[in-house]
Amino acid sequence: MKRSRRWMIGLPLLGLASLILMLSVRWGMASLQLQAAARNGAALSVPGELGAAQRELLDRALAQLDRAESLRGPHPEQSNLRARLLEWELASVILAPEARLARQGEILSLYRDAIRQRPSWPHFWANLAFAHARMGRFGEEFQHALERTVSLGPWERTLQLQLARLDFMYSARLDAGSRAHLDGVLERAARVQPGRLWSLAAAPNERARVCEVLDQPYDAACAPYRPQG
């Protein structure tokens, strides 16, 4: 093969290899930024304690997500984490009603973005459902998000406990279909992690709820919470 033809073939291949290497480096750097943002987010305290140190952690995490997105573009974990951070901020500051509604809309949009990019991931659906619940919205999108969470991750243990908390906190505001989904969640949790389910229930009404699905060896512990007769 003539040298000129080898160059004609080799140069595009070299360019392609260089492009792949550059994209791999950018992807790796973006992943490091995402991990750093997640660590800073995990260090945030309970909402309501937005002091200077907490504000710095939050701003740093959001800036790291900005850098991650500039390096590799949209990514479901970036959208999900940004929504979680903005939820934390929303619970920690006082905003005017219009600004609060706008921030709620931004949070829901970010969770939807994460779901669009990874629609089969039940944890994103759970986060969307919880966001609606915390905003006091229990309409069609909440119901759909809850149904998708349960159908995609029926045996996910962390999701079972997360949805048990949702049941404890918002049961009075749920429609019949949502309560039926959560009945199934509690029944499965009682089968695979009864001890953790029992430990999760602290208030008397919560223990009465889990005692509907717990069997032996919880009969004695559940006796005060079950109907007598």
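When only residues in the range 42-95 that are in contact with a Phe, Trp or Tyr (Cβ under 8 Å, 6 or more places away or on another chain) and in a helix (DSSP H, G or I) count, which is nearest to His132 (Cα to Cα)? Within the range 42-95, the match that is nearest to His132 (Cα to Cα) is Ala83.
Residues of the range 175-229 that are under 22 Å from Phe142 (Cα atoms), touching an Asp or Glu at 6+ places or on another chain (Cβ under 9 Å) and of a type in the set (Gly, Ala, Ser): Gly177, Ser178.
Flag: Leu197 does not match the condition of being at pLDDT 95 or above, within 28 Å of Pro76 (Cβ to Cβ) and aliphatic (A, V, I, L, M).
Give me the residue from the range 197-229 that is charged (D, E, K, R) and either part of a loop (DSSP other than H, G, I, E, B) or in contact with a helix residue (DSSP H, G or I) (Cβ under 6 Å, 6 or more places away or on another chain) (or both) and, out of that set, surrounded by the fewest Cβ atoms within 10 Å (Cβ to Cβ).
Our first condition is that a residue be charged (D, E, K, R); within the range 197-229, this holds for 206-207, 209, 212, 215, 219, 226.
Next, only the ones that are either part of a loop (DSSP other than H, G, I, E, B) or in contact with a helix residue (DSSP H, G or I) (Cβ under 6 Å, 6 or more places away or on another chain) (or both) stay: 206-207, 212, 215, 226.
On the way: Glu206: 19, Arg207: 20, Glu212: 13, Asp215: 11, Arg226: 13.
Per the stated criteria, the residue is Asp215.
For the range 184-196, the set of residues classified as in contact (Cβ under 8 Å) with a residue 24 or more places away in the chain and in a helix (DSSP H, G or I) consists of Gly184, Val185, Leu186, Glu187, Arg188, Ala189, Ala190, Val192, Pro194, Arg196, listed by residue number.
Listed here are the residues, each with its yes/no results for (1) more than 22 Å from Ser45 (Cβ to Cβ); (2) aliphatic (A, V, I, L, M).
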{"residue": "Trp88", "(1), (2)": "no, no"}
{"residue": "Ser92", "(1), (2)": "no, no"}
{"residue": "Pro97", "(1), (2)": "yes, no"}
{"residue": "Leu101", "(1), (2)": "yes, yes"}
{"residue": "Ser109", "(1), (2)": "yes, no"}
{"residue": "Ile115", "(1), (2)": "yes, yes"}
{"residue": "Arg118", "(1), (2)": "yes, no"}
{"residue": "Ala126", "(1), (2)": "yes, yes"}
{"residue": "Phe130", "(1), (2)": "no, no"}
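For the range 148-178, a tally of residues being open to solvent by less than 50 Å² (accessible area, probe 1.4 Å) and farther than 18 Å from Leu200 by Cα returns 7. Checking each residue in the range 32-73 for being under 17 Å from the mean Cα position of the chain (by Cα) and closer than 20 Å to Arg118 by Cβ picks out Leu34, Gln35, Ala37, Ala38, Gly41, Leu65. Of all residues in the range 205-224, those satisfying the criterion of being within 18 Å of Arg165 (Cβ to Cβ) and either among the basic types (Lys, Arg) or more than 28 Å from the chain's Cα centre (by Cα) (or both) are Arg207, Arg209. Reported count of residues in the range 96-135, each being without any contact (Cβ under 8 Å) to a residue 12 or more places away in the chain, assigned to a helix (DSSP H, G or I) and open to solvent by less than 70 Å² (accessible area, probe 1.4 Å), is 4.
When the test is whether a residue is open to solvent by 50 Å² or more (accessible area, probe 1.4 Å), modelled with pLDDT of 95 or more and either part of a helix (DSSP H, G or I) or at positive phi (or both), His144 passes it. Counting the residues of the range 48-97 that are under 24 Å from Trp121 (Cα atoms), touching a Gly at 6+ places or on another chain (Cβ under 8 Å) and of a type in the set (A, V, I, L, M) gives 3.
The values are calculated or read from the model by the stated rules, or taken from the named source; none is laboratory data. Everything numeric in this text was worked out from a predicted model, so none of it was measured. Every residue, glycine as well, gets a Cβ built from its backbone with ideal geometry; the counts of neighbours run over all protein chains shown. Side chains included, ligands, DNA and RNA excluded: accessible areas come from the protein's heavy atoms. Shrake-Rupley method; radii C 1.70, N 1.55, O 1.52, S 1.80 Å.
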